[in-house]
Amino acid sequence: MLGAVLAQTTVRLGAEGSTVGQPPTEYGGVGPYATPAGRFTVPAAGAYAIFSVGFASTEPECRVDGVGRAAEPVSVPPGDYGGDAASYAWVATVRVPAAGVWTLDCRSPDPEASYVVGDVPEIRGAVGSLIHWPVGVLWLAGAIPGLLMVVDTARRRARSRGVPATAG
């Protein structure tokens, strides 16, 4: 069961260690760190990451006006992006249909939370897709080796009970 507990942390740390490049470019955001109005300007249509700043919740409900759907949350938010001034965790992805100015709205339990929009981090290897898997699936995948050991041990014990002892 330890594998189930550690699976999420292992994926998060793997994503942080496999990230290519520098801290992402910031295009704007919402909250005291960013801009209270929540405006951001992107140079092209496509996917952009929403990062929590500092200790902001990694499970916000974020929407971009005019996009028509909520941002897609990252199941296992990798952090450790940023620099000395602030650390960021990638919490969601939003897709915008065109370049221009957009408005971000993120609801969080912390009224002082800040969220910024930036480039989607490039993460090498399979861990780049694992951060989007449902957490329950990751827990199950982490538990499988331990469950297989339990099944094998139970099978061996059942087999040894069914075999008569030999006299020596």
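The values are calculated or read from the model by the stated rules, or taken from the named source; none is laboratory data. All values reported here derive from a predicted model rather than from experimental measurement. Using ideal geometry, Cβ is built from the backbone for each residue, glycine included, and neighbour counts are taken over all protein chains shown. Heavy atoms of the whole protein, side chains included, go into the accessibility calculation; ligands, DNA and RNA do not. Shrake-Rupley method; radii C 1.70, N 1.55, O 1.52, S 1.80 Å.
If DNA, RNA and ligands are ignored and the probe is 1.4 Å, what is the ranking of E61, E26 by accessible area, most exposed first? Working shown, then result.
On the way: E61 130, E26 85 Å².
Ranked from most to least accessible, the order is E61, E26.
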Measure off 7 Å from each Cα along the Cα-to-Cβ vector at T153 and S87, then give the distance between these two points in nanometres to one decimal. 3.5 nm
What does the charge add up to near Y27, with Lys and Arg as +1, Asp and Glu as -1, over the other residues with Cβ less than 13 Å from its Cβ? -1
